[in-house]
Amino acid sequence: MSSTPPRQPIVILISGRGSNMRALIEHSRSETAAYSICSVISDRADAGGLEVARSFGIAARALTPAKGIERVEYDQSLAAAIDACSPSLIALAGFMRILSAPFVERYAGKILNIHPSLLPKYPGLHTHRRAIEAREAEHGVTVHFVTEQLDGGPPVIQARVAVETNDTEDTLSRRVLALEHVIYPQAVDWFCEGRLRCEAGKAVLDGRILSEPVQFAGTEREKGS
């Protein structure tokens, strides 16, 4: 008689309201989830997501950087807090600090991020505004592994929306956000099921290198060849 594999522990890093964090938490309560959340950590004491996490009974704490502290020194404190949970994965969910090279190297292949654009287009901030100003026909969101290059790690899965002629940053961001809440739990499940890994700078899913990210269209589609 087969037994259900144990759920893998993850840590979520946030800086704000934590809407993707909430989506990850809510999915973790489902029977099919491959992970559990052992801790939520924020670099901001006023992050609304901390109280949201606590309302679900999840340990949540602020680890705010002292004035003038070097990035590497802060990241050492952050790593100590993370290692207390021995997580299988770190999920960035609106975590706005740029992580230092030693931190990224320490957890190489074990950090996922979600970015509101169809990477490699529009790394960084204000992605919805930039997509509208560029008159893009479509926009979207990408889950990717984290490397030293800002928003430049191997992409795993994307979801796309059409950009309407009357779209504003707000209307476009709302449609993209709804898809973020679907594909991020999917990618975390893949990783925690042992299906997804980062190898030699490439995302590998079910033993196949993803030359292109999986394209989400309501159901899982054929993976990139």
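The values are calculated or read from the model by the stated rules, or taken from the named source; none is laboratory data. Here the structure is a predicted model, which means the values were calculated and not measured. Glycine gets a Cβ as well: all are built from the backbone with ideal geometry, and neighbour counts include every protein chain shown. When the accessible area is computed, the model is the full protein with side chains, heavy atoms only, and any ligands, DNA or RNA have been set aside. Shrake-Rupley method; radii C 1.70, N 1.55, O 1.52, S 1.80 Å.
For segment 133-149, the count of residues that are assigned to a helix (DSSP H, G or I), open to solvent by 10 Å² or more (accessible area, probe 1.4 Å) and at pLDDT 95 or above is nonzero.
Selection of segment 180-202 for residues being under 22 Å from M21 (Cβ atoms) and aliphatic (A, V, I, L, M) yields V182, I183, A187, V188, L196. Just name the residue that is nearest to the chain's Cα centre (by Cα) out of those in segment 1-30 that are among the polar types (S, T, N, Q) and open to solvent by 90 Å² or more (accessible area, probe 1.4 Å). If we take residues in segment 1-30 being among the polar types (S, T, N, Q) and open to solvent by 90 Å² or more (accessible area, probe 1.4 Å), then T4 is nearest to the chain's Cα centre (by Cα).
Within segment 31-42, being free of Cβ contacts under 8 Å to residues at least 60 places away in the same chain, open to solvent by less than 20 Å² (accessible area, probe 1.4 Å) and touching a Cys at 6+ places or on another chain (Cβ under 8 Å) holds for one residue alone: S39. In segment 211-219, the condition of being open to solvent by 30 Å² or more (accessible area, probe 1.4 Å), at pLDDT below 95 and hydrophobic (A, V, I, L, M, F, W, C) is met by at least one residue.
Using the structure shown, decide if T127 is farther than 24 Å from V204 by Cα, at pLDDT 95 or above and buried (at least 22 other Cβ atoms within 10 Å of the Cβ). Yes.
Would you pick out the residues in segment 73-105 that are of a type in the set (S, T, N, Q), farther than 19 Å from F191 by Cβ and in contact with a Phe, Trp or Tyr (Cβ under 9 Å, 6 or more places away or on another chain)?
Q76, S100
Here A108, A60, A81, A45 are screened, and the one residue that is touching a strand residue (DSSP E or B) at 6+ places or on another chain (Cβ under 8 Å) and surrounded by 20 or more Cβ atoms within 10 Å (Cβ to Cβ) is A60.
Name the pairs whose Cβ atoms lie under 8 Å apart, with the first residue in segment 191-209 and in a strand (DSSP E or B), the second acidic (D, E), and 6 or more positions between them or separate chains? Going by the 8 Å Cβ cut-off, the qualifying pairs are I209/E199. L172 - would you say it is within 19 Å of A23 (Cβ to Cβ) and open to solvent by less than 10 Å² (accessible area, probe 1.4 Å)? Yes.
Go through segment 112-135 and report how many residues are without any contact (Cβ under 8 Å) to a residue 40 or more places away in the chain and among the β-branched types (V, I, T). Number satisfying all stated conditions: 1. When V182 is tested against the conditions (1) touching a helix residue (DSSP H, G or I) at 6+ places or on another chain (Cβ under 7 Å); (2) surrounded by 15 or more Cβ atoms within 10 Å (Cβ to Cβ); (3) outside any loop (DSSP other than H, G, I, E, B), the lone failure is (1).
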